[in-house]
Amino acid sequence: MDQNYNHPVISYIVVTYNSQIHFPELINNLNRCTPLDHEIIIIDNNSDDKEYLSPYKVIYNKDNTYFTSAVNQGLKLIDNNSEYIILINPDVRINKNTVEKLISDTQKLNAGIAGSILLRSNLSVQHAGGQKYDTKDINPLELNSHQHLHDKDKLRTIINNYPKKVQWVTGALLLITKKALKVLGELDESYNHYKSDLEYCLRANDEKINVICSSSIALHFHKKSSKSKKGKLNFFFTKLKYYLARKYFELIMNLKK
C-alpha cells in the first residue's frame, strides 16, 4: 500500500543500527502488509555503513543514542492525525492480518498499549505478553525480574487464550494509542536501551491503562548484522530461515479457526 503522509492512521517508528540484514525487507513488508494509510519514521543510530538506508527517509544521529532516546525522537515526529503509533524492530515481520487484528483487539479490550504474539523463526513462541510482581512493590530502578509468557510453547496450545490483558509487552512490536501517549508521554531515558518498554507498560498499569497481548502474530528473528565471515554466514542462514518461516506464516493464521 502506498503511504499517505497527509493523513496516516498509523505511524511506525523504526530504530536501526547496522541492520543491513533485515532493513530493506522490513520496509517492503510494512508497506505490503499494512491495510491502512501509514508513515514510517526511521531513526538511525550512527550505523557504520549508511548506504543501506539511502532509499529511505531517515533521521541520522551522529552518535548511537540507543533505543529509548531514538524512539522518543520518533515520537516527536509523528503525524498529528495518527491514531496509532507502532514501535517495530528491523528484525520483525508482520503478515496481512497482523496490524488489523492488533488494532481490533486494542479496541475490543479498550487498551492503550498492545503487542503481538511473536514467533521465532522455528515458529515456537518467543513472546506472548509478560508478567511481573505487583506494580505497587516495584522500584522503578530495579526491573530485572520479569517473565515472557509461554516462552518456547507451541502457538497451537495458546492461541485460543488471546487476546488478553497482561502486565507488559515487548518493544520489538508495540502499539500505543494516541490517547495513551497523551497520558504517558515519552519513554523513560533512564533505561537507555533495555527495559524502557517494560517500564512504560508498568507506568500504564499504574495509570489504569489496559495493556494487552493481541491474538495477532508476527515473526521475530532477533539477529544482529556483522561484517565478519561469521556474520555473512549468519546473513545467509537468517535469510533462509526467514524464507522458510514466511512460506508457512499464512498457514499459521488458520490455527485459531
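The values are calculated or read from the model by the stated rules, or taken from the named source; none is laboratory data. All values reported here derive from a predicted model rather than from experimental measurement. Every residue, glycine as well, gets a Cβ built from its backbone with ideal geometry; the counts of neighbours run over all protein chains shown.
List of remarks:
Quick grid of which residues meet (1) in a helix (DSSP H, G or I); (2) farther than 30 Å from residue 63 by Cα; (3) out of contact with any Lys or Arg (no Cβ under 9 Å at 6 or more places or on another chain):
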{"residue": "158", "(1), (2), (3)": "yes, yes, yes"}
{"residue": "171", "(1), (2), (3)": "no, no, yes"}
{"residue": "189", "(1), (2), (3)": "no, no, yes"}
{"residue": "199", "(1), (2), (3)": "yes, no, yes"}
{"residue": "208", "(1), (2), (3)": "no, yes, yes"}
{"residue": "213", "(1), (2), (3)": "no, yes, no"}
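- Every residue from the stretch 151-192 that is hydroxyl-bearing (Ser, Thr, Tyr) and under 24 Å from residue 10 (Cα atoms): 162, 170, 177
- Scope the stretch 16-39; condition crowded, with 21+ Cβ neighbours inside 10 Å, under 17 Å from residue 175 (Cα atoms) and touching a helix residue (DSSP H, G or I) at 6+ places or on another chain (Cβ under 6 Å); matching residues: 34
- Meets criteria (in contact with a helix residue (DSSP H, G or I) (Cβ under 9 Å, 6 or more places away or on another chain), at pLDDT below 95 and either over 26 Å from residue 83 (Cα atoms) or loosely packed, with under 14 Cβ neighbours inside 10 Å (or both)) for residue 138: yes
- Residues of the stretch 65-86 that are surrounded by fewer than 20 Cβ atoms within 10 Å (Cβ to Cβ) and either of a type in the set (A, V, I, L, M, F, W, C) or in contact with a His (Cβ under 7 Å, 6 or more places away or on another chain) (or both): 66, 75, 77, 81.
- Condition met for residue 91 (surrounded by fewer than 20 Cβ atoms within 10 Å (Cβ to Cβ) and out of contact with any Gly (no Cβ under 9 Å at 6 or more places or on another chain)): no
- Hey, residue 205 under 23 Å from residue 84 (Cβ atoms), at pLDDT 50 or above and crowded, with 16+ Cβ neighbours inside 10 Å or not: yes
- For the stretch 105-131, filtering for residues that are in contact with a helix residue (DSSP H, G or I) (Cβ under 7 Å, 6 or more places away or on another chain), on the phi < 0 side of the Ramachandran plot and in a loop (DSSP other than H, G, I, E, B) leaves 2.
- When restricted to residues that are under 23 Å from residue 192 (Cβ atoms), in a helix (DSSP H, G or I) and among the β-branched types (Val, Ile, Thr), the stretch 25-71 contains 2.
Matching residues to (1) of a type outside the set (Gly, Ala, Ser); (2) under 22 Å from residue 187 (Cβ atoms); (3) modelled with pLDDT of 90 or more:
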site: 36; (1), (2), (3): yes, no, yes
site: 42; (1), (2), (3): yes, yes, yes
site: 46; (1), (2), (3): yes, yes, yes
site: 66; (1), (2), (3): yes, yes, yes
site: 74; (1), (2), (3): no, yes, yes
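- Looking across the stretch 64-96, the residues that are among the charged types (D, E, K, R) and under 21 Å from residue 46 (Cα atoms) come down to 76, 91.
- Any hit, the stretch 91-104, residues being in contact with a strand residue (DSSP E or B) (Cβ under 8 Å, 6 or more places away or on another chain), over 22 Å from residue 10 (Cα atoms), not basic (Lys, Arg) and not in a loop (DSSP other than H, G, I, E, B): no
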